[in-house]
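Engineer: Submitted below is the structure of interest, expressed as structure tokens.
The values are calculated or read from the model by the stated rules, or taken from the named source; none is laboratory data. Everything numeric in this text was worked out from a predicted model, so none of it was measured. Here the Cβ is made from the backbone with ideal geometry for all residues, glycine too, and neighbour counts use every protein chain on show. These area figures cover heavy atoms from the full protein model, side chains too; ligands, DNA and RNA do not enter into them. Shrake-Rupley method; radii C 1.70, N 1.55, O 1.52, S 1.80 Å.
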Amino acid sequence: MSSQLKSKLKFDNRFVNALPVDIEREIFPRQVFNACYSLVNPTAVKAPQRVAYSLEVAEEIGLTVADCESDLFAEVFAGNQLLPGMQPYAMCYGGHQFGYWAGQLGDGRAINLGEVSHRNKRQTLQLKGSGLTPYSRSADGLAVLRSSVREFLCSEAMHHLGIPTTRALSIILTGESVARDMFYDGHPQLEPGAVVCRVSPSFIRFGSFQILTSRKEFDLLKQLADFTIQEHFSHLLDGQNESSLSLYARWFEEVCLKTAELITHWQRVGFVHGVMNTDNMSILGETIDYGPYGWLDAYDPQWTPNTTDAEHRRYRYSQQPEIALWNLNQLANALYPLFNDEKPLQQGLDLYCKAFNQGWHEMMGQKLGFRALSSPEIVTDLLSLLPEAEVDMTLFYRQLADINIEKPLAQFDNPQCLAPLSSAWYHFDALSADYKQRFSNWLRAYVQQLQQTGMSQADKSALMNSVNPKYILRNYLSQQAIDLAEQGDFSMVTELLDVVRKPYAEQPDKEDRFAQKRPDWARSKAGCSMLSCSS
Ligand code: AMP
Ligand code: MG
């Protein structure tokens with residue numbers, strides 16, 4: 001197959017053209033002042049080998065199968081060759097890590113290749129794991145296959161679940177080894193190196209603004225804010241009062257709303273980001289930076305996959321909404337110099353709380369099959385019962401959709417009515433009689449409420465199955481795909497990608513392998529339930 005990859009992508013690189021560059025050109029770790037980015041080329045690697053690509057993302061930027069399967073594609077997206085028009089750079093940003101201001105962080109191992117326009121949509125292409133930048137601090141600028149597969153698959157899984165996210169075009173093996181001490185216990189191992197190409201309209205983060213305010217670079221703060229609005233929130237511009245206070249206020253409100261929507265989605269599907277530091281919060285409200293993330297297997301609100309956060313569990317599932325607000329507060333502090341007035345910022349934060357609460361109730365109502373939730377207790381009662389015994393969150397909601405609400409209510413009078421849900425529990429037979437009784441009381445009340453809405457069983461289950469995925473990127477499935485990929489077999493990466501492309505569909509031929517509870521061997525296996533920041 002021939003490819004015209006070389007001349008296909010049209011770059012216009014607005015970020016670098018509009019914003020100030022670091023004047024130092026040497027690549028060594030340093031503080032970068034009065035600049036939004038540093039020019040830096042990807043480091044060439046030994047032997048690029050394509051692991052997988054997402055055709056949908058490729059098509060979004062105007063590439064075909066032939067382009068993606070060409071040798072040049074692997075060369076370019078491993079960082080070995082630049083296409084005409086590419087202008088690689090690493091971005092400067094700071095952030096609060098685990099609640100503490102960490103100062104400058106920046107793209108330590110990410111390099112943006114440029115912004116490409118296709119069908120009136122502009123996307124930034126970014127390599128992750130492609131070598132040192134001025135922001136690498138004491139690290140190596142590289143990424144391993146394990147974390148690259150996780151980022152690649154999860155970006156696409158999230159997109160197909162209908163959740164805002166950065167996308168992933170490709171994973172390329174570098175042919176080089178990278179040393180990683182996965183559990184920080186003094187036992188580094190060599191792992192295969194890889195590079196993912198991420199794709200998003202913008203990789204600007206909360207921390208991109210924070211770093212400027214922390215350094216009192218207020219002119220630059222205004223420049224970056226104006227650029228962000230112009231490029232990514234242009235619908236807010238009314239043409240007359242650009243960079244007015246009310247424009248900034250509308251922008252901050254929208255960031256708060258988008259963040260509220262994002263977190264509502266995460267809670268809906270049981271996604272735990274794992275490292276919600278402010279440098280990992282996209283200004284566009286996208287899920288960004290897939291590190292030690294995980295998906296709830298058993299519904300446990302206290303769960304976090306990140307072993308680095310095991311002690312305080314700051315980023316546990318149940319705390320994500322509050323942490324997002326905390327992060328928005330930090331963004332508000334960073335944007336304060338644009339306002340010199342707390343009130344509009346406080347209004348944005350209040351809007352987050354209101355929008356999240358409202359959105360969360362609507363979302364939970366839909367998960368249970370209600371078009372409008374009349375009694376929030378039906379949700380809170382369920383959420384207090386679920387963590388009492390290990391029950392798979394994803395399977396539970398899918399099986400609940402099949403509970404026939406057109407049956408007479410009397411059929412829900414005793415715990416036998418739980419039988420159609422039983423396989424969602426890890427140990428159904430071991431559940432106490434008292435728990436089964438309380439759960440069946442809940443189920444009866446639930447069915448009764450749905451009956452009162454007059455909804456048909458078909459409508460209710462269709463609504464539920466449109467918001468409760470059957471297929472999520474189960475932690476142990478990714479790990480199986482990784483184990484095979486490390487042996488040179490990429491088939492499960494491709495197969496998983498295909499399964500997560502249709503998360504709400506039944507896909508009966510995939511059910512036995514991809515829609516099952518976590519097997520016992522994966523309960524506390526590294527990579528399946530415990531992950532560290534080492535990637
Ligand atoms: P993260 O925990 O992935 O959000 O990363 C926090 C910061 O560390 C960011 O500035 C990253 O660019 C940087 N970083 C993480 N891993 C590496 C690495 N292997 N080499 C250089 N910088 C890194
Ligand atoms: Mg990060």
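Engineer: In region 98-112, is there at least one residue being more than 16 Å from ligand 2 (Cβ to nearest atom), over 30 Å from Arg313 (Cβ atoms) and crowded, with 20+ Cβ neighbours inside 10 Å?
Structural biologist: If we filter region 98-112 for residues that are more than 16 Å from ligand 2 (Cβ to nearest atom), which is where we start, we get none.
So far as region 98-112 goes, no, none of its residues is more than 16 Å from ligand 2 (Cβ to nearest atom), over 30 Å from Arg313 (Cβ atoms) and crowded, with 20+ Cβ neighbours inside 10 Å.
This table checks each residue for (1) assigned by TED's automatic domain parsing to the domain that holds Pro42; (2) away from ligand 2 (no atom under 16 Å from the Cβ); (3) open to solvent by 10 Å² or more (accessible area, probe 1.4 Å); (4) touching a Leu at 6+ places or on another chain (Cβ under 6 Å).
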position: Ser147; (1), (2), (3), (4): yes, no, yes, no
position: Glu151; (1), (2), (3), (4): yes, no, no, no
position: His159; (1), (2), (3), (4): yes, yes, yes, no
position: Gly162; (1), (2), (3), (4): yes, yes, yes, no
position: Leu169; (1), (2), (3), (4): yes, yes, no, no
position: Asp181; (1), (2), (3), (4): yes, yes, yes, no
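Engineer: Separate question: Which one is nearest to Ile111 (Cα to Cα), of the residues in region 147-178 that are within 13 Å of ligand 1 (Cβ to nearest atom) and among the charged types (D, E, K, R)?
Structural biologist: The selected residue is Glu151.
Engineer: For Arg150, are the conditions met, namely being farther than 24 Å from Pro469 by Cβ, outside any strand (DSSP E or B) and of a type in the set (Lys, Arg)? Let's see the steps before the verdict.
Structural biologist: Values: farther than 24 Å from Pro469 by Cβ: no; outside any strand (DSSP E or B): yes; of a type in the set (Lys, Arg): yes.
The answer is no for Arg150.
Engineer: Can you name the condition, by its number, that Ser177 falls short on among (1) surrounded by fewer than 20 Cβ atoms within 10 Å (Cβ to Cβ); (2) touching a Gly at 6+ places or on another chain (Cβ under 9 Å); (3) in contact (Cβ under 8 Å) with a residue 40 or more places away in the chain?
Structural biologist: For Ser177, the failing item is (3).
Engineer: While we're here: Which residue, of Asp279, Asp289, is in a helix (DSSP H, G or I) and among the acidic types (Asp, Glu)?
Structural biologist: Numbers: Asp289 fails: in a helix (DSSP H, G or I).
Answer to the check: Asp279.
Engineer: Let me ask something else. Are there any pairs, at least 6 apart or on different chains, whose C-beta atoms fall under 8 Å, with the first in region 148-161 and touching a residue at least 40 places away in the same chain (Cβ under 8 Å) and the second aromatic (Phe, Trp, Tyr) and part of a helix (DSSP H, G or I), and if so, which?
Structural biologist: Once the first residue is touching a residue at least 40 places away in the same chain (Cβ under 8 Å) and sits in region 148-161, no partner that is aromatic (Phe, Trp, Tyr) and part of a helix (DSSP H, G or I) comes close enough.
Engineer: Additional query: Among the residues of region 153-177, how many are aliphatic (A, V, I, L, M) and in a strand (DSSP E or B)?
Structural biologist: The initial filter retains those residues of region 153-177 that are aliphatic (A, V, I, L, M), namely 153, 157-158, 161, 163, 168-169, 171-173.
Narrowing the set further to residues that are in a strand (DSSP E or B) leaves 168-169, 171-173.
Count: 5.
Engineer: Quickly run through region 241-283 and pick out the residues that are closer than 26 Å to Glu311 by Cα and acidic (Asp, Glu).
Structural biologist: The one that is closer than 26 Å to Glu311 by Cα and acidic (Asp, Glu): Asp279.
Engineer: Still on this model: Quick one: is Ala78 over 21 Å from Phe33 (Cβ atoms) and either in contact with a helix residue (DSSP H, G or I) (Cβ under 9 Å, 6 or more places away or on another chain) or away from ligand 2 (no atom under 16 Å from the Cβ) (or both)?
Structural biologist: On the way: over 21 Å from Phe33 (Cβ atoms): yes; either in contact with a helix residue (DSSP H, G or I) (Cβ under 9 Å, 6 or more places away or on another chain) or away from ligand 2 (no atom under 16 Å from the Cβ) (or both): yes.
Considered against the rule, which asks whether it is over 21 Å from Phe33 (Cβ atoms) and either in contact with a helix residue (DSSP H, G or I) (Cβ under 9 Å, 6 or more places away or on another chain) or away from ligand 2 (no atom under 16 Å from the Cβ) (or both), Ala78 comes out as yes.
Engineer: Which residues, counting only those in region 392-432, are touching a Pro at 6+ places or on another chain (Cβ under 7 Å) and farther than 18 Å from Arg444 by Cβ? Lay out the reasoning, then the answer.
Structural biologist: The initial filter retains those residues of region 392-432 that are touching a Pro at 6+ places or on another chain (Cβ under 7 Å), namely 394, 399, 402-403.
Across region 392-432, the qualifying residue is only Thr394.
Engineer: Let me ask you something else. May I ask you to say which residue of Gln210, Gln189 is within 16 Å of ligand 2 (Cβ to nearest atom) and over 20 Å from Pro42 (Cβ atoms)? Quick ask: steps written out before the conclusion?
Structural biologist: Working: Gln189 fails: within 16 Å of ligand 2 (Cβ to nearest atom).
One residue alone meets the criteria, Gln210.
Engineer: Can you list residue pairs whose Cβ atoms sit under 7 Å apart, with the first residue in region 512-535 being without any contact (Cβ under 8 Å) to a residue 12 or more places away in the chain and the second being of a type outside the set (Asp, Glu) and part of a strand (DSSP E or B)? Count only pairs 6 or more apart in sequence or on different chains.
Structural biologist: Qualifying pairs under 7 Å: Ser524/Met530.
Engineer: One residue is enough: does region 194-207 have a residue meeting the conditions within 16 Å of ligand 2 (Cβ to nearest atom), within 25 Å of Met276 (Cα to Cα) and among the basic types (Lys, Arg)?
Structural biologist: Scanning region 194-207, I find at least one residue that is within 16 Å of ligand 2 (Cβ to nearest atom), within 25 Å of Met276 (Cα to Cα) and among the basic types (Lys, Arg), so the answer is yes.
Engineer: Here is a follow-up. For region 478-504, give me each residue that is part of a helix (DSSP H, G or I), more than 20 Å from Lys517 (Cα to Cα) and touching a residue at least 60 places away in the same chain (Cβ under 8 Å).
Structural biologist: First pass over region 478-504, keeping only residues part of a helix (DSSP H, G or I): 478-486, 491-500.
Within this subset, residues satisfying the condition of being more than 20 Å from Lys517 (Cα to Cα) are 484-486, 491, 494.
Selection gives Ala485, Glu486, Thr494.
Engineer: If you go through region 343-379, how many residues are more than 26 Å from the chain's Cα centre (by Cα) and open to solvent by 10 Å² or more (accessible area, probe 1.4 Å)? Please lay out each step first, then the result.
Structural biologist: Residues of region 343-379 more than 26 Å from the chain's Cα centre (by Cα): 343-344, 346-347, 370-378.
Add one more test, that the residue is open to solvent by 10 Å² or more (accessible area, probe 1.4 Å), and what stays is 343-344, 346-347, 371-377.
Within region 343-379, residues that are more than 26 Å from the chain's Cα centre (by Cα) and open to solvent by 10 Å² or more (accessible area, probe 1.4 Å) number 11.
Engineer: Do you know which of the residues in region 252-266 that are open to solvent by 10 Å² or more (accessible area, probe 1.4 Å) and within 19 Å of Thr394 (Cβ to Cβ) is nearest to ligand 2 (Cβ to nearest atom)?
Structural biologist: Filtering region 252-266 for residues open to solvent by 10 Å² or more (accessible area, probe 1.4 Å) gives 253-254, 257-258, 261, 264-265.
This time we only want the ones that are within 19 Å of Thr394 (Cβ to Cβ), so: 264-265.
On the way: Thr264: 22, His265: 20 Å.
Of everything passing the filter in region 252-266, His265 is nearest to ligand 2 (Cβ to nearest atom).
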